[in-house]
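Contents: one structure, followed by commentary.
The values are calculated or read from the model by the stated rules, or taken from the named source; none is laboratory data. What you see is a predicted model; the values in this text were computed from it and never measured. Every residue, glycine among them, receives a Cβ derived from its backbone with ideal geometry; neighbour counts consider all protein chains shown.
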Amino acid sequence: MRIRSIKIAYLTIDDAPSRDFKHKIEYLESKGIKATFFCQGRFLEERLEEAVDAIRKGHVIGNHSYDHPRFSEITLEEAERQIRRTDELIEEAYRLAGVPRLYRVFRFP
């Protein structure tokens with residue numbers, strides 16, 4: 001039995017969906033690359049349809065808090081609110097995309 005090794009890299013991008021989000025998605029699509037975008041909830045509220053499009057194209061949307069506070073400087077209750085509020089928006093994006101949410105990923109700001 002011969003085992004082949006495959007080189008794999010995971011591309012992650014923070015603070016999405018940014019103003020140039022559509023261009024990033026188009027570029028990645030042109031290269032056949034999938035990414036995980038860690039999104040701020042406040043940006044998702046402004047550009048939810050762009051996140052829906054990214055999900056439909058096979059990208060993963062992760063949680064990067066609602067408005068990027070320093071978690072070392074906020075209360076546990078505020079941290080939970082930051083995560084939950086953004087998670088609700090991510091759930092909505094996956095629902096609108098008609099794609100099951102297989103991964104629940106979080107990156108601290």
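Scanning region 1-20 for residues that are β-branched (V, I, T) and in a loop (DSSP other than H, G, I, E, B), we see that the one that is farthest from the chain's Cα centre (by Cα) is I3.
Listed by first and then second residue, the pairs linking a residue in region 58-71 that is within 13 Å of Y94 (Cα to Cα) and of a type in the set (G, A, S) to a residue that is surrounded by fewer than 19 Cβ atoms within 10 Å (Cβ to Cβ) and at pLDDT 95 or above, with Cβ atoms under 7 Å apart and 6 or more places separating them unless they lie on different chains, are G58/K34; G62/T36; G62/V105; G62/F106; G62/R107. Which condition breaks for E29 when tested against (1) under 29 Å from E80 (Cβ atoms); (2) assigned to a helix (DSSP H, G or I)? Among (1) under 29 Å from E80 (Cβ atoms); (2) assigned to a helix (DSSP H, G or I), the lone unmet condition for E29 is (1). Does at least one position in region 62-69 carry a residue that is in contact with a strand residue (DSSP E or B) (Cβ under 9 Å, 6 or more places away or on another chain), surrounded by fewer than 16 Cβ atoms within 10 Å (Cβ to Cβ) and among the charged types (D, E, K, R)? Among the residues of region 62-69, not one is in contact with a strand residue (DSSP E or B) (Cβ under 9 Å, 6 or more places away or on another chain), surrounded by fewer than 16 Cβ atoms within 10 Å (Cβ to Cβ) and among the charged types (D, E, K, R), which makes the answer no. All of (1) modelled with pLDDT of 95 or more; (2) assigned to a loop (DSSP other than H, G, I, E, B) hold for V52 with one exception: (2). In the set (1) closer than 17 Å to F21 by Cβ; (2) under 10 Å from the mean Cα position of the chain (by Cα); (3) not in a helix (DSSP H, G or I), the condition left unmet by H68 is number (2). Taking A16 as the residue in question, decide whether it is touching a strand residue (DSSP E or B) at 6+ places or on another chain (Cβ under 8 Å) and under 20 Å from R70 (Cβ atoms). Yes.
Residues of region 71-101 that are in a loop (DSSP other than H, G, I, E, B) and under 16 Å from F38 (Cβ atoms): R101 alone.
Of the residues examined, F38 is not one that is within 26 Å of A9 (Cα to Cα), among the aromatic types (F, W, Y) and either in a loop (DSSP other than H, G, I, E, B) or over 13 Å from the mean Cα position of the chain (by Cα) (or both).
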